[in-house]
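The values are calculated or read from the model by the stated rules, or taken from the named source; none is laboratory data. Note that this is a predicted model, so its numbers are computed, not measured. Cβ placement follows ideal geometry from the backbone for every residue including glycine, while neighbour counts extend to all protein chains displayed.
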Amino acid sequence: MTLPEGTPETNSATTAKPAEQVFEPVVAEPSPVSPTFDELTRQRTKEIIALYPEARSALLPLLHLVQSVEGYASQDGIRFCAEALDLSLAEVTAVVTFYTMYKRTPCGEHLVSVCTNTLCAALGGDDIYTRLQQRLGTNGRPLGHEETVGEPGSTGSITLEHAECLAACDLAPVLQVNYEYYDNQSPDSAVELVDALRRGERPNPTRGAPLTDLRTIELEIAGFGDIAVRAQGPSSAPESVRGAQLAADRGWVAPAMPDEPPAMPALPEKK
Ligand code: FES
């Protein structure tokens, strides 16, 4: 740091103001928002904001709306959200970089998420991820986390990622394509699945709605989906409701809730 002119080079107290420090902005200076965000997107933005008492609360769905347009949260997308919600670029960027569902680079037609958390990993999730990295890599180089094979957004392009627990441990090892479940996978079945995706096919998920593409799902997460279509197919697996089924078969019921909550045990006195 350069000391102001005339300031003695000591640690003694001084009334001189320190030289002004210039910090690089976290994101580039504002520029006109890309025409990518057309009138329809702006209308949808207004609809999302109208759902919340405070405009800033609309940031998460709005970022998904941006991803439905561009396939990721681009710099323009961040600026678009900041302007729409009267937030700073730093505030929006902080949210985008915190949550893993917001992507910083353009994604493929499909996002393949392989669970490598404890239970899935122990049952083969790590092997599945490694096999897919090799299968989708090029020239002997495995595909890395959040890397894309194929031109982003084009038919058959895939972004691969390893994911934390996907909340289907009873069906481990699992993977998701655009957040739809493919349960009880093996390295071979996972390779078959991504091969089909690369060919432009859309194999049905194990449960839930038919497979679509990532941008369509992003639009649905933002709140603009066809609920009737998404409600198709079973949403739970027999393994997940086995306990409830056993109880029903045997006529077990939970005890009724008491009218009054039971008394809490006395706490030892604080010393
Ligand atoms: S550990 Fe994979 S779904 Fe929970």
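Do you know which of the residues in the stretch 134-165 that are more than 11 Å from the ligand (Cβ to nearest atom) and of a type in the set (Asp, Glu) is nearest to ARG198 (Cα to Cα)? Even if it seems obvious, please write down each step before you answer.
Here is the first cut: in the stretch 134-165, the ones more than 11 Å from the ligand (Cβ to nearest atom) are 134-161.
Then keep just the ones that are of a type in the set (Asp, Glu); that gives 146-147, 151, 161.
Numbers: GLU146: 17, GLU147: 15, GLU151: 11, GLU161: 16 Å.
Of everything passing the filter in the stretch 134-165, GLU151 is nearest to ARG198 (Cα to Cα).
Looking across the stretch 166-181 at every residue that is near the ligand (Cβ under 10 Å from one of its atoms) and without any contact (Cβ under 8 Å) to a residue 40 or more places away in the chain, the one that is surrounded by the most Cβ atoms within 10 Å (Cβ to Cβ) is identified as TYR181. The residues of the stretch 113-129 that are crowded, with 24+ Cβ neighbours inside 10 Å and assigned to a helix (DSSP H, G or I), listed by number, are CYS120, GLY125, ILE128, TYR129.
Kindly establish whether GLY156 is modelled with pLDDT of 95 or more, in contact with a Ser or Thr (Cβ under 9 Å, 6 or more places away or on another chain) and of a type in the set (Gly, Ala, Ser). It is false that GLY156 is modelled with pLDDT of 95 or more, in contact with a Ser or Thr (Cβ under 9 Å, 6 or more places away or on another chain) and of a type in the set (Gly, Ala, Ser).
Filter the stretch 182-191 down to the residues that are over 21 Å from THR148 (Cα atoms) and touching a Leu at 6+ places or on another chain (Cβ under 6 Å), then identify the one that is surrounded by the most Cβ atoms within 10 Å (Cβ to Cβ).
Here is the first cut: in the stretch 182-191, the ones over 21 Å from THR148 (Cα atoms) are 183-186.
If we keep only those that are touching a Leu at 6+ places or on another chain (Cβ under 6 Å) as well, we get 183-185.
Working: ASP183: 19, ASN184: 17, GLN185: 25.
Step by step, filter the stretch 182-191, then rank; the result is GLN185.
Just one residue in the set THR93, THR105, THR100 is within 17 Å of the chain's Cα centre (by Cα), closer than 21 Å to VAL174 by Cβ and among the polar types (S, T, N, Q); that residue is THR100. Determine if the stretch 228-245 includes at least one residue that is within 16 Å of the ligand (Cβ to nearest atom) and at positive phi. For the stretch 228-245, residues within 16 Å of the ligand (Cβ to nearest atom) and at positive phi: absent.
Yes or no, residue by residue, for (1) closer than 29 Å to LEU211 by Cα; (2) assigned to a loop (DSSP other than H, G, I, E, B); (3) in contact with a helix residue (DSSP H, G or I) (Cβ under 8 Å, 6 or more places away or on another chain); (4) not small (Gly, Ala, Ser):
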site: SER57; (1), (2), (3), (4): no, no, no, no
site: LEU63; (1), (2), (3), (4): yes, no, yes, yes
site: CYS81; (1), (2), (3), (4): yes, no, yes, yes
site: LEU87; (1), (2), (3), (4): no, yes, yes, yes
site: THR97; (1), (2), (3), (4): yes, no, no, yes
site: CYS107; (1), (2), (3), (4): yes, yes, yes, yes
site: LEU111; (1), (2), (3), (4): yes, no, yes, yes
site: ARG131; (1), (2), (3), (4): yes, no, yes, yes
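Taking the conditions (1) in the same structural domain as PRO152 (by TED's automatic domain parsing); (2) touching a helix residue (DSSP H, G or I) at 6+ places or on another chain (Cβ under 6 Å); (3) under 23 Å from THR105 (Cα atoms) in turn, ASN184 satisfies each one other than (3).
Just one of the listed residues (GLU151, GLU83, GLU54, GLU91) is in the same structural domain as ALA190 (by TED's automatic domain parsing) and without any contact (Cβ under 8 Å) to a residue 60 or more places away in the chain, namely GLU151.
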